[in-house]
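Below: the structure, in structure tokens.
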Amino acid sequence: MSSRFHNKVAIVTGASSGIGRATAISLAREGARLVICADRNVDGLEETRSAIAELEAECLAMRVDVRSQEQIEACVQATLERFGTIDILVNNAGTGQFAPFASMENDEYDRVMDINLRGTFYLCRAVLPTMMKNDYGKIVNVTSVMGEVAAQGQSVYNASKGAAKLLTQGIAVDVTGSNINVNAVAPGMVVTNMTQRMFANEKMERFFTERIPKRRIGQPEDIAPAILFLCSDEASYIHGTTLVVDGGMLCTR
């Protein structure tokens, strides 16, 4: 096991599967102590916790709805009570939207924006007092290539991820002068619980693969190393940046 994150305390949201799970396990493998969060997929969260336990890493698993300020503040408080500090935050919890703009319901708009943007806002704000007190912290917000370019039937998703990117930059400016790094990772097309049904369709899988220069759909394990890099001290001079990890997909747009 690497010791790159030895004794660092990391909160990872959306950790029940996909990119969140791969990131949490990778952090644990490199010495971090974890607080992993998810809302609906409690069984998946337990699977992630078990995988971390096999690595003999400390882990606290919590059911947290990122739309709830109270639940987020309780999660941060529980982290401080258990581990005494917070060094790393990975805002990975997210949801998709696949509906034409003209037929979008208000509730669907609220759901997408609340999970993808409000949750990021709440969590960043909740951990910053500790990071500022310690003059140390790493925040990585998981956005999307769909926050860089628009896609059909995903207008509100595009808006939520684009706003998360700008929120990342704004926070980076607001912590000027501190030893806190705030960045984002924008994955391309990745096989997760949110996308697996789409990629199970052979025609859709071929459509996207043909538009990715690497000629394959990404896996969560392709994204986790980029997140870990931005969480590390190796990236201490990278700040307010969005690192796109998409197999070259944006090159074709």
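The values are calculated or read from the model by the stated rules, or taken from the named source; none is laboratory data. Since this is a predicted model, take the numbers as computed values, not measurements. As a convention, Cβ positions derive from the backbone with ideal geometry for all residues, glycine included, and neighbour counts pool all protein chains shown.
Quick notes
- Only residues that are farther than 13 Å from L27 by Cβ and either under 18 Å from the mean Cα position of the chain (by Cα) or not in a helix (DSSP H, G or I) (or both) were counted in region 52-68, giving 10.
- Within region 202-252, the set of residues being more than 22 Å from the chain's Cα centre (by Cα) and either among the aromatic types (F, W, Y) or under 30 Å from G170 (Cβ atoms) (or both) comprises F207, F208, C251, T252.
- If you go through region 228-253 and keep only what is within 27 Å of R206 (Cβ to Cβ), touching a helix residue (DSSP H, G or I) at 6+ places or on another chain (Cβ under 7 Å) and crowded, with 17+ Cβ neighbours inside 10 Å, you end up with V244, V245, D246, M249.
- Count of region 14-73 residues which are surrounded by 17 or more Cβ atoms within 10 Å (Cβ to Cβ), over 16 Å from V140 (Cβ atoms) and among the basic types (K, R): 4
- Selection from region 209-232 of residues that are farther than 20 Å from N91 by Cβ and either in contact (Cβ under 8 Å) with a residue 40 or more places away in the chain or not in a helix (DSSP H, G or I) (or both): E210, R211, I212, P213, K214, R215, R216, I217, Q219
- Unique residue being touching a Gly at 6+ places or on another chain (Cβ under 9 Å) and under 13 Å from I227 (Cβ atoms) when the list is T48, T13: T13
- Test: residue in region 3-24 that is touching a Leu at 6+ places or on another chain (Cβ under 8 Å), farther than 28 Å from F121 by Cβ, of a type in the set (D, E, K, R) and part of a loop (DSSP other than H, G, I, E, B): yes
- Hits in region 164-202 (condition: modelled with pLDDT under 80, over 23 Å from M113 (Cα atoms) and not hydrophobic (A, V, I, L, M, F, W, C)): N201, E202
- Helices (runs of 4 or more DSSP H) contained in region 96-201 and holding at least 1 residues loosely packed, with under 14 Cβ neighbours inside 10 Å and of a type in the set (V, I, T): 155-174
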